[in-house]
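Worksheet for the structure shown next.
The values are calculated or read from the model by the stated rules, or taken from the named source; none is laboratory data. Worth saying up front: this structure is predicted, and the values here are computed from it rather than measured. Heads up, the Cβs are rebuilt from the backbone with ideal geometry, glycines too, and the neighbour counts pull from every protein chain shown. Side chains included, ligands, DNA and RNA excluded: accessible areas come from the protein's heavy atoms. Shrake-Rupley method; radii C 1.70, N 1.55, O 1.52, S 1.80 Å.
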Amino acid sequence: MVNRRTVVAGLSALAFAPMIARAQSKPLIRIGMLQDASGPYSYLGGTGSIICARQAIAEIASARGLNVEILTADHQNKPDIGAAIARQWLDQGVDALMEFNNSAIALAVNNLVRERDKVMLANNVGSASLSGKECTPNMTHWTFDTAMLATSMGNGMIEKGTGESWFFIRADYVFGKALRDDTAAVVIAKGGKVVGEVAVPVGTTDFASALLQAQASGAKVVALALAGNDLLNCLKQANEFGLTKGGQRMAALIIYLQDIKALGLPVTKGLILTESFYWDLNDKSRAFAKRITPQTKGVPPNMGQAGAYSAVTHYLKAVADVGAAEAKRSGRVVVERMKQLPISDDVLTNARIRADGRVVSDVYLFEVKAPEESKGEWDLYKIKRKLGPDQAWRPMAAGNCPLVKPGSI
(Lines give C-alpha, C1' and ligand atoms only; values in the text may rest on other atoms or scores of the structure.)
Protein backbone atom coordinates (compact mmCIF):
# COMPACT_ATOMS: atom_id res chain seq x y z
CA MET A 1 0.00 0.00 0.00
CA VAL A 2 1.27 3.46 -0.90
CA ASN A 3 0.69 6.21 1.63
CA ARG A 4 1.84 9.78 1.94
CA ARG A 5 4.86 8.81 4.05
CA THR A 6 6.02 6.33 1.38
CA VAL A 7 5.77 8.93 -1.36
CA VAL A 8 7.39 11.77 0.54
CA ALA A 9 10.27 9.50 1.55
CA GLY A 10 11.01 8.97 -2.14
CA LEU A 11 11.29 12.65 -3.00
CA SER A 12 14.46 14.70 -2.96
CA ALA A 13 15.15 18.15 -4.37
CA LEU A 14 18.53 18.95 -5.85
CA ALA A 15 20.29 22.28 -5.29
CA PHE A 16 21.78 24.06 -8.28
CA ALA A 17 24.69 26.33 -8.93
CA PRO A 18 24.12 30.06 -8.40
CA MET A 19 24.36 30.63 -12.16
CA ILE A 20 20.74 29.44 -12.50
CA ALA A 21 18.47 32.43 -12.07
CA ARG A 22 15.74 32.32 -9.42
CA ALA A 23 14.17 35.72 -9.88
CA GLN A 24 10.58 35.73 -8.67
CA SER A 25 9.42 37.32 -11.91
CA LYS A 26 10.37 34.22 -13.90
CA PRO A 27 8.07 31.18 -13.87
CA LEU A 28 9.73 28.14 -12.30
CA ILE A 29 10.06 25.17 -14.65
CA ARG A 30 10.12 21.97 -12.59
CA ILE A 31 11.39 18.62 -13.87
CA GLY A 32 10.79 15.39 -11.95
CA MET A 33 13.20 12.51 -12.56
CA LEU A 34 11.56 9.24 -11.53
CA GLN A 35 13.99 6.33 -11.56
CA ASP A 36 15.34 3.16 -10.03
CA ALA A 37 17.79 4.73 -7.58
CA SER A 38 18.61 1.70 -5.44
CA GLY A 39 17.52 -1.45 -7.27
CA PRO A 40 18.90 -3.71 -10.02
CA TYR A 41 18.82 -1.02 -12.73
CA SER A 42 20.19 1.86 -10.68
CA TYR A 43 23.65 1.68 -12.25
CA LEU A 44 22.12 2.11 -15.73
CA GLY A 45 20.76 5.57 -14.87
CA GLY A 46 20.89 6.57 -11.22
CA THR A 47 23.34 9.26 -10.21
CA GLY A 48 24.80 9.34 -13.72
CA SER A 49 21.48 10.37 -15.23
CA ILE A 50 20.96 13.01 -12.53
CA ILE A 51 24.39 14.50 -13.23
CA CYS A 52 23.74 14.55 -16.97
CA ALA A 53 20.35 16.25 -16.49
CA ARG A 54 21.90 18.82 -14.16
CA GLN A 55 24.61 19.50 -16.73
CA ALA A 56 21.94 20.24 -19.34
CA ILE A 57 20.22 22.65 -16.95
CA ALA A 58 23.50 24.39 -16.12
CA GLU A 59 24.23 24.91 -19.80
CA ILE A 60 20.78 25.92 -21.05
CA ALA A 61 18.89 27.63 -18.21
CA SER A 62 21.06 30.70 -17.71
CA ALA A 63 21.80 31.02 -21.43
CA ARG A 64 18.07 31.05 -22.26
CA GLY A 65 16.93 33.01 -19.20
CA LEU A 66 15.05 30.13 -17.55
CA ASN A 67 14.40 29.37 -13.89
CA VAL A 68 14.65 25.57 -13.54
CA GLU A 69 14.47 23.06 -10.69
CA ILE A 70 14.84 19.28 -10.75
CA LEU A 71 13.39 16.73 -8.33
CA THR A 72 14.42 13.08 -8.08
CA ALA A 73 12.68 10.06 -6.59
CA ASP A 74 13.19 6.32 -6.28
CA HIS A 75 10.14 4.38 -7.52
CA GLN A 76 11.60 1.11 -6.13
CA ASN A 77 10.47 -0.60 -9.36
CA LYS A 78 6.89 -0.61 -8.07
CA PRO A 79 4.28 0.84 -10.46
CA ASP A 80 1.96 1.91 -7.62
CA ILE A 81 4.72 3.88 -5.91
CA GLY A 82 5.87 5.36 -9.21
CA ALA A 83 2.37 6.48 -10.15
CA ALA A 84 1.76 7.93 -6.68
CA ILE A 85 4.95 9.99 -6.78
CA ALA A 86 4.16 11.19 -10.29
CA ARG A 87 0.65 12.22 -9.25
CA GLN A 88 1.95 14.12 -6.22
CA TRP A 89 4.56 15.89 -8.31
CA LEU A 90 1.98 16.96 -10.86
CA ASP A 91 -0.28 18.20 -8.07
CA GLN A 92 2.66 20.30 -6.86
CA GLY A 93 3.22 21.91 -10.26
CA VAL A 94 5.94 19.76 -11.83
CA ASP A 95 5.97 20.41 -15.58
CA ALA A 96 7.87 17.43 -16.99
CA LEU A 97 8.48 13.84 -15.83
CA MET A 98 11.46 11.88 -17.12
CA GLU A 99 13.70 8.78 -17.04
CA PHE A 100 11.69 5.84 -15.45
CA ASN A 101 14.05 2.80 -15.99
CA ASN A 102 10.96 0.61 -15.95
CA SER A 103 8.45 0.12 -18.79
CA ALA A 104 5.49 -0.70 -16.55
CA ILE A 105 5.98 2.54 -14.59
CA ALA A 106 6.52 4.58 -17.76
CA LEU A 107 3.28 3.25 -19.24
CA ALA A 108 1.40 3.97 -16.02
CA VAL A 109 2.67 7.55 -15.91
CA ASN A 110 2.13 8.12 -19.63
CA ASN A 111 -1.64 8.50 -19.42
CA LEU A 112 -1.40 10.61 -16.27
CA VAL A 113 0.90 13.08 -18.04
CA ARG A 114 -1.48 13.28 -20.99
CA GLU A 115 -4.48 13.88 -18.72
CA ARG A 116 -2.66 16.72 -16.92
CA ASP A 117 -1.27 18.15 -20.20
CA LYS A 118 2.34 18.00 -19.00
CA VAL A 119 5.49 16.61 -20.69
CA MET A 120 6.97 13.12 -20.56
CA LEU A 121 10.64 12.61 -21.46
CA ALA A 122 10.87 8.82 -21.46
CA ASN A 123 14.49 7.68 -21.28
CA ASN A 124 16.17 4.44 -20.22
CA VAL A 125 12.87 2.69 -21.03
CA GLY A 126 12.61 -0.26 -23.41
CA SER A 127 8.91 -0.40 -24.32
CA ALA A 128 8.43 0.46 -28.00
CA SER A 129 4.68 0.78 -27.40
CA LEU A 130 5.28 4.28 -25.99
CA SER A 131 5.72 5.45 -29.57
CA GLY A 132 3.29 2.83 -30.85
CA LYS A 133 -0.25 2.18 -29.72
CA GLU A 134 0.35 4.02 -26.40
CA CYS A 135 1.72 7.20 -27.99
CA THR A 136 0.38 10.57 -26.83
CA PRO A 137 0.92 14.20 -27.93
CA ASN A 138 2.67 14.82 -24.58
CA MET A 139 5.37 12.12 -24.82
CA THR A 140 8.84 11.88 -26.33
CA HIS A 141 10.98 8.73 -26.10
CA TRP A 142 14.77 9.00 -26.14
CA THR A 143 17.89 6.94 -26.91
CA PHE A 144 16.59 3.38 -27.48
CA ASP A 145 13.68 0.96 -27.33
CA THR A 146 13.28 -2.75 -27.97
CA ALA A 147 12.31 -2.16 -31.62
CA MET A 148 15.49 -0.15 -32.22
CA LEU A 149 17.68 -2.75 -30.55
CA ALA A 150 16.17 -5.46 -32.74
CA THR A 151 16.13 -3.47 -35.99
CA SER A 152 19.64 -2.09 -35.69
CA MET A 153 21.16 -5.42 -34.68
CA GLY A 154 19.35 -7.37 -37.41
CA ASN A 155 20.12 -4.88 -40.17
CA GLY A 156 23.65 -4.23 -38.95
CA MET A 157 24.70 -7.86 -38.81
CA ILE A 158 22.96 -9.07 -41.97
CA GLU A 159 24.28 -6.22 -44.08
CA LYS A 160 27.82 -6.77 -42.77
CA GLY A 161 27.59 -10.28 -44.21
CA THR A 162 28.15 -11.96 -40.85
CA GLY A 163 24.61 -12.78 -39.78
CA GLU A 164 23.06 -15.26 -42.19
CA SER A 165 22.07 -17.73 -39.44
CA TRP A 166 20.95 -16.99 -35.87
CA PHE A 167 20.38 -18.85 -32.62
CA PHE A 168 18.60 -17.03 -29.78
CA ILE A 169 18.99 -17.46 -26.04
CA ARG A 170 16.20 -15.40 -24.55
CA ALA A 171 14.58 -14.60 -21.25
CA ASP A 172 11.35 -16.52 -20.77
CA TYR A 173 9.06 -13.51 -20.34
CA VAL A 174 7.58 -10.73 -22.46
CA PHE A 175 10.78 -8.66 -22.75
CA GLY A 176 12.88 -11.55 -24.02
CA LYS A 177 10.23 -12.78 -26.43
CA ALA A 178 9.68 -9.30 -27.86
CA LEU A 179 13.39 -8.80 -28.48
CA ARG A 180 13.71 -12.23 -30.06
CA ASP A 181 10.61 -11.86 -32.26
CA ASP A 182 11.47 -8.35 -33.46
CA THR A 183 15.08 -9.26 -34.26
CA ALA A 184 14.09 -12.50 -35.99
CA ALA A 185 11.58 -10.63 -38.16
CA VAL A 186 14.34 -8.29 -39.40
CA VAL A 187 16.76 -11.18 -39.95
CA ILE A 188 14.23 -13.18 -41.97
CA ALA A 189 13.14 -10.13 -43.99
CA LYS A 190 16.79 -9.60 -44.97
CA GLY A 191 17.18 -13.19 -46.16
CA GLY A 192 18.70 -14.67 -43.01
CA LYS A 193 17.35 -17.59 -41.01
CA VAL A 194 16.75 -18.54 -37.40
CA VAL A 195 18.07 -22.05 -36.72
CA GLY A 196 16.99 -22.38 -33.10
CA GLU A 197 16.29 -20.82 -29.72
CA VAL A 198 16.18 -21.56 -26.02
CA ALA A 199 14.01 -19.72 -23.49
CA VAL A 200 15.48 -19.60 -19.99
CA PRO A 201 13.77 -18.57 -16.74
CA VAL A 202 14.73 -15.34 -15.02
CA GLY A 203 17.43 -16.02 -12.46
CA THR A 204 19.05 -18.88 -14.39
CA THR A 205 22.61 -19.49 -13.20
CA ASP A 206 23.56 -22.49 -15.35
CA PHE A 207 23.49 -21.77 -19.10
CA ALA A 208 25.39 -24.91 -20.11
CA SER A 209 22.47 -26.59 -21.88
CA ALA A 210 21.47 -23.46 -23.78
CA LEU A 211 25.04 -22.69 -24.84
CA LEU A 212 25.72 -26.26 -25.96
CA GLN A 213 22.60 -26.15 -28.14
CA ALA A 214 23.73 -22.82 -29.60
CA GLN A 215 27.20 -24.23 -30.25
CA ALA A 216 25.83 -27.39 -31.89
CA SER A 217 23.50 -25.37 -34.14
CA GLY A 218 26.41 -23.92 -36.08
CA ALA A 219 24.67 -20.54 -36.17
CA LYS A 220 26.92 -17.68 -37.17
CA VAL A 221 25.29 -15.41 -34.58
CA VAL A 222 24.28 -16.36 -31.05
CA ALA A 223 21.96 -13.55 -29.98
CA LEU A 224 21.24 -12.94 -26.30
CA ALA A 225 17.84 -11.45 -25.47
CA LEU A 226 18.68 -11.33 -21.77
CA ALA A 227 19.21 -8.60 -19.18
CA GLY A 228 20.83 -8.02 -15.80
CA ASN A 229 22.61 -10.88 -14.06
CA ASP A 230 21.18 -13.41 -16.52
CA LEU A 231 23.02 -11.69 -19.36
CA LEU A 232 26.27 -11.39 -17.41
CA ASN A 233 26.21 -15.04 -16.31
CA CYS A 234 25.48 -16.21 -19.85
CA LEU A 235 28.38 -14.20 -21.29
CA LYS A 236 30.80 -15.52 -18.66
CA GLN A 237 29.84 -19.10 -19.45
CA ALA A 238 29.86 -18.50 -23.23
CA ASN A 239 33.48 -17.45 -22.85
CA GLU A 240 34.24 -20.61 -20.88
CA PHE A 241 32.59 -22.77 -23.56
CA GLY A 242 34.63 -21.03 -26.27
CA LEU A 243 31.83 -20.02 -28.62
CA THR A 244 33.70 -16.99 -29.96
CA LYS A 245 36.92 -19.00 -30.36
CA GLY A 246 34.91 -21.49 -32.40
CA GLY A 247 33.96 -18.80 -34.91
CA GLN A 248 30.49 -17.86 -33.68
CA ARG A 249 29.63 -14.20 -33.08
CA MET A 250 28.05 -13.34 -29.73
CA ALA A 251 25.51 -10.51 -29.96
CA ALA A 252 23.94 -8.84 -26.91
CA LEU A 253 20.65 -7.23 -27.88
CA ILE A 254 20.88 -4.89 -24.90
CA ILE A 255 23.98 -4.27 -22.79
CA TYR A 256 25.55 -1.22 -21.18
CA LEU A 257 29.05 0.19 -21.00
CA GLN A 258 29.25 -0.59 -17.27
CA ASP A 259 28.37 -4.23 -17.96
CA ILE A 260 31.31 -4.59 -20.34
CA LYS A 261 33.65 -2.97 -17.84
CA ALA A 262 32.42 -5.23 -15.04
CA LEU A 263 32.90 -8.42 -17.06
CA GLY A 264 36.24 -7.34 -18.54
CA LEU A 265 37.59 -7.44 -22.09
CA PRO A 266 38.98 -11.00 -21.85
CA VAL A 267 35.40 -12.22 -21.36
CA THR A 268 33.56 -9.84 -23.71
CA LYS A 269 36.05 -9.36 -26.57
CA GLY A 270 34.35 -9.73 -29.95
CA LEU A 271 30.85 -9.18 -28.53
CA ILE A 272 28.54 -7.29 -30.91
CA LEU A 273 26.10 -4.63 -29.65
CA THR A 274 24.28 -1.53 -30.89
CA GLU A 275 23.97 1.87 -29.19
CA SER A 276 22.97 5.40 -30.16
CA PHE A 277 25.74 6.95 -28.03
CA TYR A 278 29.28 6.06 -26.99
CA TRP A 279 31.52 8.48 -25.16
CA ASP A 280 34.47 8.00 -27.58
CA LEU A 281 32.42 8.16 -30.76
CA ASN A 282 33.53 11.59 -32.06
CA ASP A 283 34.81 14.99 -30.94
CA LYS A 284 31.40 16.07 -29.61
CA SER A 285 30.82 12.93 -27.56
CA ARG A 286 34.32 13.19 -26.12
CA ALA A 287 33.74 16.85 -25.22
CA PHE A 288 30.49 15.90 -23.48
CA ALA A 289 32.17 13.08 -21.54
CA LYS A 290 34.93 15.47 -20.51
CA ARG A 291 32.32 17.72 -18.88
CA ILE A 292 30.64 14.80 -17.10
CA THR A 293 33.46 12.54 -15.87
CA PRO A 294 34.86 14.98 -13.25
CA GLN A 295 31.46 14.61 -11.55
CA THR A 296 31.32 10.79 -11.84
CA LYS A 297 34.80 9.81 -10.56
CA GLY A 298 35.99 9.26 -14.12
CA VAL A 299 33.16 6.97 -15.28
CA PRO A 300 31.88 7.99 -18.74
CA PRO A 301 28.12 8.26 -19.24
CA ASN A 302 26.41 5.33 -20.90
CA MET A 303 23.75 5.59 -23.61
CA GLY A 304 20.84 6.01 -21.20
CA GLN A 305 22.58 8.55 -18.98
CA ALA A 306 23.63 10.61 -21.99
CA GLY A 307 20.02 10.46 -23.14
CA ALA A 308 18.99 12.33 -19.98
CA TYR A 309 21.24 15.21 -21.04
CA SER A 310 19.87 15.24 -24.58
CA ALA A 311 16.23 15.10 -23.44
CA VAL A 312 16.56 17.94 -20.90
CA THR A 313 18.60 20.08 -23.30
CA HIS A 314 16.01 19.81 -26.06
CA TYR A 315 13.08 20.25 -23.69
CA LEU A 316 14.50 23.47 -22.24
CA LYS A 317 15.23 24.84 -25.70
CA ALA A 318 11.58 24.31 -26.59
CA VAL A 319 10.45 25.89 -23.29
CA ALA A 320 12.54 28.96 -24.02
CA ASP A 321 11.14 29.08 -27.55
CA VAL A 322 7.45 29.05 -26.52
CA GLY A 323 8.02 30.96 -23.27
CA ALA A 324 8.05 29.57 -19.74
CA ALA A 325 4.51 30.72 -18.94
CA GLU A 326 3.08 29.01 -22.02
CA ALA A 327 5.17 25.90 -21.30
CA LYS A 328 3.64 25.64 -17.85
CA ARG A 329 0.16 26.08 -19.30
CA SER A 330 0.41 23.28 -21.87
CA GLY A 331 2.80 20.38 -22.25
CA ARG A 332 1.37 19.58 -25.69
CA VAL A 333 2.54 22.97 -26.95
CA VAL A 334 6.07 22.25 -25.74
CA VAL A 335 6.19 18.75 -27.26
CA GLU A 336 4.92 20.08 -30.58
CA ARG A 337 7.71 22.66 -30.58
CA MET A 338 10.21 19.94 -29.65
CA LYS A 339 9.13 18.03 -32.75
CA GLN A 340 9.65 21.11 -34.90
CA LEU A 341 13.10 22.04 -33.56
CA PRO A 342 16.19 20.20 -34.83
CA ILE A 343 17.97 18.19 -32.13
CA SER A 344 21.45 19.63 -31.74
CA ASP A 345 23.66 18.48 -28.88
CA ASP A 346 26.85 16.56 -28.15
CA VAL A 347 25.09 13.23 -27.61
CA LEU A 348 22.96 12.22 -30.61
CA THR A 349 23.83 12.49 -34.29
CA ASN A 350 21.37 13.04 -37.16
CA ALA A 351 18.50 13.11 -34.67
CA ARG A 352 14.90 14.32 -34.83
CA ILE A 353 11.55 13.67 -33.12
CA ARG A 354 8.92 11.97 -35.25
CA ALA A 355 5.19 12.57 -35.08
CA ASP A 356 4.83 9.50 -32.84
CA GLY A 357 7.18 11.04 -30.23
CA ARG A 358 10.02 8.66 -31.05
CA VAL A 359 13.46 10.30 -31.12
CA VAL A 360 15.36 8.69 -33.99
CA SER A 361 19.06 9.10 -34.67
CA ASP A 362 22.07 7.35 -36.09
CA VAL A 363 22.81 4.07 -34.31
CA TYR A 364 26.16 2.31 -34.27
CA LEU A 365 27.09 -1.34 -34.52
CA PHE A 366 29.99 -1.86 -32.10
CA GLU A 367 32.37 -4.70 -31.38
CA VAL A 368 34.00 -5.00 -27.96
CA LYS A 369 37.77 -4.64 -28.23
CA ALA A 370 40.30 -7.28 -27.33
CA PRO A 371 42.47 -6.37 -24.30
CA GLU A 372 45.48 -5.61 -26.48
CA GLU A 373 43.44 -3.14 -28.58
CA SER A 374 42.28 -1.04 -25.63
CA LYS A 375 44.26 2.12 -24.90
CA GLY A 376 42.56 3.04 -21.62
CA GLU A 377 40.25 1.93 -18.84
CA TRP A 378 37.07 2.88 -20.72
CA ASP A 379 38.33 2.32 -24.27
CA LEU A 380 36.03 -0.64 -24.83
CA TYR A 381 34.31 -0.41 -28.25
CA LYS A 382 35.26 -0.14 -31.88
CA ILE A 383 32.80 0.93 -34.55
CA LYS A 384 31.83 -1.67 -37.13
CA ARG A 385 29.08 0.26 -38.90
CA LYS A 386 26.88 3.34 -38.70
CA LEU A 387 23.17 2.86 -39.37
CA GLY A 388 21.01 5.84 -40.32
CA PRO A 389 17.56 6.39 -38.75
CA ASP A 390 15.82 4.52 -41.58
CA GLN A 391 18.02 1.45 -40.97
CA ALA A 392 18.02 1.48 -37.18
CA TRP A 393 14.45 2.29 -36.10
CA ARG A 394 11.04 0.74 -36.62
CA PRO A 395 9.15 2.54 -39.43
CA MET A 396 6.64 4.95 -37.92
CA ALA A 397 3.70 3.37 -39.75
CA ALA A 398 4.52 -0.03 -38.20
CA GLY A 399 3.96 1.22 -34.65
CA ASN A 400 0.21 1.91 -35.00
CA CYS A 401 0.47 5.23 -33.16
CA PRO A 402 -2.93 6.99 -33.40
CA LEU A 403 -1.16 10.31 -33.95
CA VAL A 404 0.37 9.12 -37.21
CA LYS A 405 -1.45 9.80 -40.46
CA PRO A 406 -1.88 6.85 -42.84
CA GLY A 407 1.00 6.63 -45.29
CA SER A 408 3.53 8.31 -42.98
CA ILE A 409 7.00 6.79 -42.82
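Computed quantities for the displayed model
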item: Cα-based helix-to-principal-axis angle, 46-64 vs the chain, degrees rounded to 10; result: 40 degrees
item: Reach of residue 405 by Cα under 14 Å, taken over aspartates and glutamates that are not fewer than 8 positions away in the same chain; result: 356
item: Nitroxide proxy distance, nm - points 7 Å out along Cα→Cβ at residue 383 and residue 245; result: 3.3 nm
item: Degrees between helix 283-292 axis and first principal axis of the chain (Cα, 0 to 90, nearest 10); result: 60 degrees
item: Beta bridge orientation in the chain: antiparallel %, DSSP, nearest 5; result: 30 percent
item: Restricting segment 305-387 to GluC sites (Glu not before Pro) in coil, as DSSP defines it, with at most 14 other Cβ within 10 Å; result: 377
item: Per residue solvent-accessible surface (Å²) - segment 131-254, probe of 1.4 Å; result: 37 Å²
item: Inter-centroid distance (Cα atoms) of segment 379-394 relative to segment 156-235, Å; result: 19 Å
item: Cα-Cα over 21 Å, subset of 190/384; 245/384; 177/384; 236/290; result: 177/384; 236/290
item: Cα-based convex hull volume of segment 220-266 per residue, rounded to whole Å³; result: 68 Å³
item: Surface share of carbon and sulfur [accessible, 1.4 angstrom probe, percent] for the chain; result: 52 percent
item: Protection proxy ranking, peptides 122-135, 388-401, average beta carbon neighbours within 10 Å, highest first; result: 122-135, 388-401
item: Computed [θ] at 222 nm, deg cm²/dmol, the chain (DSSP H ≥ 4; -39,500 (n - 2.57); rounded to nearest 500); result: -12500 deg cm²/dmol
item: Degrees between helix 208-217 axis and first principal axis of the chain (Cα, 0 to 90, nearest 10); result: 60 degrees
